[in-house]
Amino acid sequence: MPEQERVRVEPAAGPPLLASRLTPAVPPAPVVARPRLLRRLDEGSAGPVTRIAAPAGWGKTTLLASWVRLGGAPADVEPGAVVPDSGQLTPEAGPVPAWVSVEVGDDGDRLWAYLAAALRSATGSTESGPVPDRSPRPEHLEALAASLAAADRPVLLILDDLHRVTDPAALSGLEFLLRHAEQRLRLVIGARAGLHLPLHRLRLAGELTEIGPDELAFTDDEVADLLTAHGAALPAAAVHRLRDRTGGWPAALRIAALAVRGQPDPERWVGQFGGDQPEIAGYLHEEVLSTLDPAEQDLLRRTALVDTVCADLAEALTGRADAGQALTDLAGAGGLLHREDTRPPWYRCEPLLADLLRADLARLPADELRELHARAADWYVGDGRPSDGLRHALAAGRWDLAGDLFVAHWPELTRYDRDPVPAPAPGSPPAEVVRADPEVALACAAERAYAGDLAAATGHLRAAAGHAAGLPVPRRDRFLRLVTALEVSVARLADDPAEVRAAAARLLRTRPAGATPTRVPDSAPSAPANSAPTTGGGGAADDADLRAFTGTALGLVELADGALPTARFVRARAAAREAGRPRTELVGASRAALLLAVRGELRAAEQAARDALGMPPCRGWSCRLDCAYAYLALALVALLRDQPEEATANLALAGPALGVADGRVGSAETGTGDDWLAAAPGEPVAAAVAALCRAQLHRDAGDPAAGQRLLVRAGAALVDRPSATELTSLLRAAEAELRAERGDLDAARDLLTGAAADGTDPVLAVTVAKVELLAGDTAAAGRALPGWQSPTATAWPLPVRLDAGLLDAVLAEQAGDGRRAGRVLEQVLDLAGPQGCRRVFTRAAPPVRDLLAAHLDAGTAHFALVSDLVRGASTTTARPAAAPRGMLDEPLTERELTILRYLQSILSNVEIASELSLSVNTVKTHVRNIYRKLDATRRREAVRRARELRLI
């Protein structure tokens, strides 16, 4: 670094100041640029205080040094670019940076010597000598504040490792300077643990920007850039695996990048990478665990027995009455635990730290380890978490408890999401236990299937089946029924649809003759998550279990093949509610919501989606996919009601739930559409509906070509799915309509030729009529239009019926039969009104709008709706929804409701502003109003309160 860029100030007395502590350190090369974080620092440093808080190794110093050396976030910096090890420390414009690296022992005089030196250098002050007192004298602080206030440009005081200051009095002067420097001082702080600054006041005033481990964690793209910079490029799957195993922890990723270069099989090495490896274990012991007292280490070790922990569970595992406070401290000040957004709060370790702690745990005496598992099992059973209780009961050797859990809760002990939940295999029960109680072997099979070890699950099933003959008849019948249920689960998880159907048929044959079919109520509350089902004696509850379980299994198989089994999921959900099986009900509610939305039953779809999202927080389940279906359903409902902002917001929420990094609508050239299709290879319906929604939003934004490309890719993904006929028709019809609107009528006809020739597919037949009407051939349009008022048409999706009815009305008007056109239009409004389906009118061609205007003059029972449509309203009036549980003194505006929905996601205020084409300040104003109206002080609290009121 050039000598003139170095800062060196000699104090009036005492040892000299080190220039190396007044300039940013040069981190080990290579360092890759992370523009998203550089921009966050730019945004935060426009306000009074920015705090980067994370444990060791999360890249705080590297990020701050890169930001200073690059002079902020350069407009031309590319993600993954290597940051130079030297640069211009004082940018030509903007705030002047002043850097201080804090060391152990920097309390009082020594800290303020460096602070005064850095600030005076930044302001160009010639006053010499540090502030001498441990608690700086007012006159010195006032002089420093006056110097800052008079500076031409604001000063950015960057304090790295400020957690090393242990004396609160040493930092009291900083608060004084912030208040009295007339906004010419801005603090940027890097720290591990708690700071002696008034953070709560700053947070409440909106004057604090916080960047934590969630943002500091590397994304998949950033991991790939880091590996490339180290000459260790890996395939995308291995990159994702490495990011998943490290949790995006920068220090671990750098260690991995250095180590993987010398591996003969890098992908295999990444698959085995964990926190118990010597390099990682050593770093964690020296930099993380050594900073904790023995009691904190013991709490972390014991709670590492489970994946996530709450205060009550931690108390059960450790015997500590203060376990909840200890968890809060470790998550807050220490940042060693990640706090999930639930009530009560649950916490989890970063993956590599959990690996290390579990390796330490495994070295405990066997009896002590079994006792811990027994405590966990008892707690989970008492909390209504049978899958977790079963795993720990088996690990504890509590065979009687394991068998009882399986018999009582078998429908809830199957995995419904795509990803297995790997867990070490618990010990197998002794042979004499299995002979006396073969249900224990079934419990082992269920646990192994849940963990994704299907071979072991099959082995346990075979071992159990050999003992069926020796059981008394009533118990044997129940036992064989449970064996068949497990065969259904194993076949489904093994992607064997034929065997799923065969096993489900065998299971349904065990139902008693004359069993009552599932009653589907119009509306009923979801079963509480801790409701206790009636089990063991046959009868209605057992029959409801069979109907819910087999219906859900068959529905998932059909859904994976591209079919739309709406009725099956509706019935399965009702049966699950009847049986008191909340996990199964959640699967049915979320899938039914999306399929009902596709059919145009918007009220039922919205209610089912909100029921799914409003169910109690996941009780040991992985609910990400269920949430994706629910949010997609709400997106489609909003789209059909012509609420594009709400549709976009719900798509953004559904994207991460499906594993898509960015669920927002953007340029089709970015590949985000492919992300949807690639992220959900086993969920073709979800991917196709997402493509349909995004294509229409692209059309509304004036880019129908982008929507067309999405639909082509979505259709190609369904080619090998023979049951996807209805879904394929919807995609083809949407693509043909976009082509026709772009003027490519021949291509639209080619797409529909033959497919709709026989008129058996109403979706394609109606689209043929629309294309011919666009081409000006009313006779051909009339011939192609199917009978939308026939008895069979009641089975069509509502949007298709509405389209057909509008075409019929337009054709009647163009034929000079205005009276018939009015009658038909009134019938269409009768169908659309109850569901709030508006898009068919608001996005229709000019003849429909002209018809609506004439209909308003002629008189209609839907005067308010038609007048609103005629005025060209682009959003709907208040949507039909469930009544809120409570009311706000001051209701949220439509814009505030839209922003509130975005607050559920991980998007920042800047990203929300970009989505809605608003300024950042406008979004911040709306957020403040939302907080005030909901009586909340932070984002999570506002979202929780809104969910309680059923606003979202």
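The values are calculated or read from the model by the stated rules, or taken from the named source; none is laboratory data. None of these values were measured; they are calculated from a predicted model. Cβ atoms come from the backbone with ideal geometry, glycine included; neighbour counts cover every protein chain shown. We work out accessible area using only protein heavy atoms, side chains counted, and drop any ligands, DNA or RNA first. Shrake-Rupley method; radii C 1.70, N 1.55, O 1.52, S 1.80 Å.
Some points to look at:
- The long axis of helix 138-149 is offset from the longest Cα principal axis of the chain by roughly 60 degrees.
- Cut-off 20 Å (backbone N to label point 7 Å along Cα→Cβ of E948), residues of the range 329-363: 340-346
- Distance between the modelled labels on A793 and H180, one decimal in nanometres: 8.0 nm (7 Å Cα→Cβ projection).
- Heavy atoms of L798: accessible area, 1.4 Å probe, square angstrom to 10: 20 Å²
- Label separation (S914 vs E371): 5.5 nm, computed from points 7 Å beyond Cα along the C-beta direction.
- Based on C-alpha pairs under 8 angstrom that are at least 6 apart in sequence, the range 368-513 has a relative contact order of 17 percent.
- A simple spin-label model places pseudo-atoms 7 Å from Cα toward Cβ; at E207 and E103 they are separated by 3.2 nm.
- Of the labelled figures [x] 55, 37, 22; [y] 46, 34, 27; [z] 53, 41, 24, only one reflects semi-axes √(5λ) of the Cα gyration tensor in Å as derived from the coordinates, namely [z].
- Gained length - A502 relative to T925, 0.36 nm times residue gap less alpha-carbon distance: 146.4 nm
- Added length on full extension, which subtracts the Cα-Cα distance from 0.36 nm per residue, R36 to A779: 261.8 nm
- Counting heavy atoms of the protein chains alone, T342 has an accessible area of about 30 Å² for a 1.4 Å probe.
- Gain in span if fully extended, A150 to D495, counting 0.36 nm per residue against the direct Cα distance: 117.1 nm
- Here the range 155-199 is scanned for amide nitrogen atoms under 18 Å from the site 7 Å beyond the Cα of D329 along Cα-to-Cβ, giving 163-168, 192-197.
- When only the Cβ of Lys, Arg, Asp and Glu is charged (+1, +1, -1, -1), the dipole of the chain relative to its Cα centre reaches about 1840 debye.
- Here A362 and D293 are evaluated by their C-beta separation; at R0 = 30 Å the FRET efficiency comes out at 0.85.
- The order of T725, T860 by accessible area, most exposed first and with a 1.4 Å probe, is T725, T860.
- Cα long-axis angle, helix 439-450 against the chain (0 to 90 degrees, to the nearest 10): 70 degrees
- Over the residues of the chain, the helix contribution to mean residue ellipticity at 222 nm works out to -17000 deg cm²/dmol, using -39500 (n - 2.57) for each DSSP H run of at least 4.
- The range 382-424: C-alpha gyration tensor shape, a/c 1.5 cut-off, then a/b vs b/c: oblate
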